[in-house]
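Colleague: Please see the structure below; I have some questions.
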Amino acid sequence: MIYPHRSNSWLHYALKDGLQTKDLYQNSTVYQYYCAERDEILKHKWIESEKAGKDIGFEKALMDWILYYRSDWRKANKIK
């Protein structure tokens, strides 16, 4: 039985029953796409930071990548 007044009680019982965190994402296509996009954003952050001569920050890199590169990247990787 899950007790809603206990924080993270659902997670406690799920893990107790043998559910592993890796099971949630290991075969998840959504999580794999997330990781691939995150890696591209981090590459973009590094490149743009090198150009600027300083760290531009993740938020700036994220917004810049989404605005200018995401749609082409998704098309190239056949992601809807």
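Computed from the coordinates by the stated procedures, all read-outs in this text should not be read as laboratory data. Everything quoted here is computed from the prediction, not taken from an experiment. Glycine also receives a Cβ, built like all others from the backbone with ideal geometry; neighbour counts cover every protein chain displayed.
Colleague: What is the spin-label model distance, in nm, from Asp39 to Tyr69 if the labels are put 7 Å beyond Cα along the C-beta direction?
Modeller: 1.4
Colleague: Along Cα→Cβ, 7 Å out, is where each label goes; now give me the distance between the ones at Ile47 and Asn27 in nm to one decimal.
Modeller: Each label point is offset 7 Å from its Cα along the Cβ direction, giving 3.5 nm.
Colleague: Treating segment 31-80 as a set of equal point scatterers at the Cα positions, no solvent, please give the Debye-formula log₁₀ I(q)/I(0) at q = 0.28 Å⁻¹.
Modeller: Rounded to two decimals, the profile gives -1.06.
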